[in-house]
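Participant: Encoded as structure tokens, here's the structure I'll be asking about.
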Amino acid sequence: MSKYKVAFITGSRADYGIVRNYIAKLNADPEVDFCVLTTGALLLSQFGSAVNIIEQDGFRIDYRNVIPQKMSSLHDTCHIMAQTLDDFSRFFSEHKYDLLIILGDRYEIYSVSIAAAMHRIPILHLHGGELTVANYDEFIRHSITKMATWHITSTEEYRKRVIQLGERPESVFCLGALGAENCLHINMENVQIELRDLYNSFVVLFHPETLNYVSPLEQVEEILKAVRPYTKDYNFIFIGSNADTHADLITCRVKEFCDEHGNCHFYSNLHPDSYHYVVKKSIALIGNSSSGIIEVPSLGSYTINIGDRQTGRVKSSSILDVRCNATVINEAIRYVIEHKDEPIIETPYYKKNSAELYYQTTMNILYSDKQQYKEFYDIKF
């Protein structure tokens, strides 16, 4: 019997970090010929060459789609999408898969989804049905849903939304968020030495709000103004932004700030275990990353969630939503310092053994009779 050919496509450190325990199970299955396909910032040194982590974890990489990540305008982003679509269309015309696993809502992943759907490669979409109103990820995520045949969502609310988009209920599975479980298993061998002794710390991770007309530089200045009074008594670990439009502006300004303040440290990229470790040891994650919503509550830290990038997501009570205003952010920092010893027990995205559940569901999909055509599911009113 021939093996099932399965691939996971990744373009950023974030989506790989979320799935690594799950896809390790597929990679170890003798019935599965598993590989990883890579594109985007993952491959570039300016974003930390995170592809090296995938190789260190023992995965076979069958395609490296290297595209320069120029991010100064939306036209640049569209150009990257067009090039990614063309490259993966050529690749999929020569390489067929029984299943392509896609996570989330990145613009380069959108292009890969189009290419796969046009070449009739079945897609399993993870983390559909979620809302992020201030970013182009919002409409990209829902568009990928319509190209996918199978879906795994992180909450029941999101499962219902995917069905609302016309997907058959039997094709949509609510299995929790992989990240909420993954982050609890930290391999200290992957944690950088200099990070192990950083206490009284905050982690700062801020991405551009790509549908917001406010300059990302104006936004990051408000954040830096808010944290500046605390830099003498606390450590601040700044993580580089995703390769979104105008992310380069944020990175340059944050690096300047870190050079001016001894207790501030910048990392363009961290191994997932290093990232989870520093967040677990921190008082709070400051910024607008989805990890602040999904993973940080499991790690027992607070999240100071800035702006509208994550507006619409299900959230734990340990998440403080604030405007991108220095005074308000400063007040939130003061609040989490005062309450840092209080336990955080609400983790709406956590489901026990989620990686195993994802793996078993994926194998059931491979075993199932494949539908030649996907029909739109109408909700009866």
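The values are calculated or read from the model by the stated rules, or taken from the named source; none is laboratory data. Source: prediction; values computed, not measured. Cβ coordinates were reconstructed from backbone atoms using ideal geometry, including for glycine residues, and neighbour counts include every protein chain displayed. Ligands, DNA and RNA are excluded from the accessible area calculation, which covers all protein heavy atoms including side chains. Shrake-Rupley method; radii C 1.70, N 1.55, O 1.52, S 1.80 Å.
Participant: So which trypsin sites (Lys or Arg not before Pro) in segment 1-94 are both in a DSSP loop and have at most 10 other Cβ atoms within 10 Å of their Cβ? Don't skip to the answer; put the middle values down first.
Facilitator: Numbers: sites: LYS3, LYS5, ARG13, ARG20, LYS25, ARG60, ARG64, LYS70, ARG90; in loops: LYS3, ARG60, LYS70.
Here no trypsin sites (Lys or Arg not before Pro) fit, given the DSSP loop and packing criteria.
Participant: I'd like the distance between the alpha-carbon centres of segment 1-41 and segment 158-237, rounded to an integer number of Å.
Facilitator: The distance from the Cα centre of segment 1-41 to that of segment 158-237 comes to 22 Å.
Participant: Additional query: Would you work out the charge dipole size for segment 231-381 about its Cα centre, treating the Cβ of every Lys and Arg as +1 and the Cβ of every Asp and Glu as -1, and quote it to the nearest 20 debye?
Facilitator: Numbers: 16 positive and 19 negative charges, 49 e Å.
The dipole of segment 231-381 has a size of about 240 debye.
Participant: Protein chains only, probe 1.4 Å: how do CYS35, CYS252, CYS324 rank by accessible area, largest first?
Facilitator: CYS252, CYS324, CYS35
Participant: Which percent of the accessible area of the chain is formed by carbon and sulfur heavy atoms (probe 1.4 angstrom)?
Facilitator: For the chain, the apolar C and S fraction of the accessible surface comes to 51 percent.
Participant: Before I look further, what does segment 175-306 give for accessible area per residue, probe 1.4 Å, in whole square angstrom?
Facilitator: Averaged over the residues of segment 175-306, the accessible area is 36 Å².
Participant: Straight-line reach only, C-alpha to C-alpha below 19 angstrom: list the lysines that LYS5 could link to, leaving out same-chain residues fewer than 8 apart.
Facilitator: Cα-Cα hits under 19 Å: LYS25, LYS96, LYS370.
Participant: For the chain, modelled as a Gaussian network with Cα springs under 10 Å, which listed residue fluctuates most, ALA14, ALA28, ALA247?
Facilitator: ALA28
Participant: Net charge around GLY17, counting only other residues with Cβ within less than 13 Å of its Cβ (Lys, Arg = +1; Asp, Glu = -1)? It would help to have the intermediate numbers written out before the result.
Facilitator: Values: positive: ARG13, ARG20; negative: ASP15, ASP57, GLU181, ASP273, GLU295.
Residues close to GLY17 contribute a combined charge of -3.
Participant: Rounded to the nearest 500 deg cm²/dmol, what is the calculated helix-only ellipticity per residue at 222 nm for the chain, with -39500 (n - 2.57) per DSSP H run of length n ≥ 4? Show your work: numbers first, answer last.
Facilitator: Details: 14 runs with 152 residues, N = 381.
Helix contribution divided over all residues of the chain: -12000 deg cm²/dmol.
Participant: Given contacts defined as C-alpha pairs under 8 Å and at least six residues apart, what's the relative contact order of segment 132-268, whole-number percent? Present the calculation step by step, with values, prior to reporting the outcome.
Facilitator: Details: 144 pairs, mean separation 29.2, N = 137.
Computed value for segment 132-268: 21 percent relative contact order.
Participant: Using 1/(1 + (r/R0)^6) with R0 = 35 angstrom and r between the beta carbons of GLU189 and GLN360, what's the FRET efficiency to the nearest 0.05?
Facilitator: 0.80
Participant: Using DSSP loop states and a limit of at most 14 other Cβ atoms within 10 Å to flag GluC sites (Glu not before Pro), what is the longest stretch of the chain containing no flagged site?
Facilitator: 32-345
Participant: Would you work out the charge dipole size for segment 1-136 about its Cα centre, treating the Cβ of every Lys and Arg as +1 and the Cβ of every Asp and Glu as -1, and quote it to the nearest 20 debye?
Facilitator: Result for segment 1-136 is approximately 80 debye, rounded to the nearest 20.
Participant: Work from the charge dipole of segment 28-160 (Cβ charges, +1 for Lys and Arg, -1 for Asp and Glu, about the Cα centre) and give the residue of LEU103, HIS79, LEU42 farthest towards its positive end.
Facilitator: HIS79
Participant: Return the long-range amide H neighbours of PHE236 (sequence gap of 5 or more, or a different chain), with a cut-off of under 5 Å between placed amide H atoms.
Facilitator: Placed amide hydrogens put PHE202, CYS264, HIS265 under 5 Å from PHE236.
Participant: Which residue, ILE337, TYR277, MET147, has the largest displacement toward the positive end of the dipole of the chain when charges sit on each Cβ (Lys, Arg +1; Asp, Glu -1)?
Facilitator: Result: MET147, furthest along the dipole toward the positive end.
Participant: Which net charge results for the neighbourhood of LYS96, defined as the other residues with beta-carbon distances under 10 angstrom from its beta-carbon, given Lys and Arg at +1 and Asp and Glu at -1?
Facilitator: Taking every other residue near LYS96 into account, the sum is 0.
Participant: Can you give the relative contact order of segment 273-360 as a percent, counting alpha carbon pairs under 8 Å and 6+ residues apart? Walk me through the numbers on the way to the answer.
Facilitator: On the way: 119 pairs, mean separation 23.4, N = 88.
That works out to 27 percent.
Participant: Let me ask something else about it. Under Stokes-Einstein, with the Kirkwood radius over Cα pairs standing in for Rh, what whole-number D in µm²/s applies to segment 1-152 at 37 °C and 0.692 mPa s?
Facilitator: Diffusion coefficient, whole number: 210 µm²/s.
Participant: Can you tell me, using C-alpha contacts under 8 Å and at least 6 residues apart, the relative contact order of the chain as a whole percent?
Facilitator: Relative contact order for the chain comes out at 17 percent.
Participant: Students often get this wrong, so check it: of LYS160/LYS280; LYS160/LYS374; LYS70/LYS315, which have C-alpha atoms separated by over 21 Å?
Facilitator: LYS160/LYS280; LYS70/LYS315
Participant: While we're looking at this one, here's another question. For segment 1-72, with only Lys/Arg (+1) and Asp/Glu (-1) charged at the beta-carbon, what is the dipole magnitude about the Cα centre, in debye rounded to 20?
Facilitator: The dipole magnitude comes to about 180 debye.
Participant: Holding the Cα-Cα limit at 32 Å, pick out from LYS255/LYS351; LYS3/LYS146; LYS232/LYS351 the pairs that are longer than that.
Facilitator: Going by Cα-Cα distance, LYS255/LYS351; LYS232/LYS351 fall outside the 32 Å limit.
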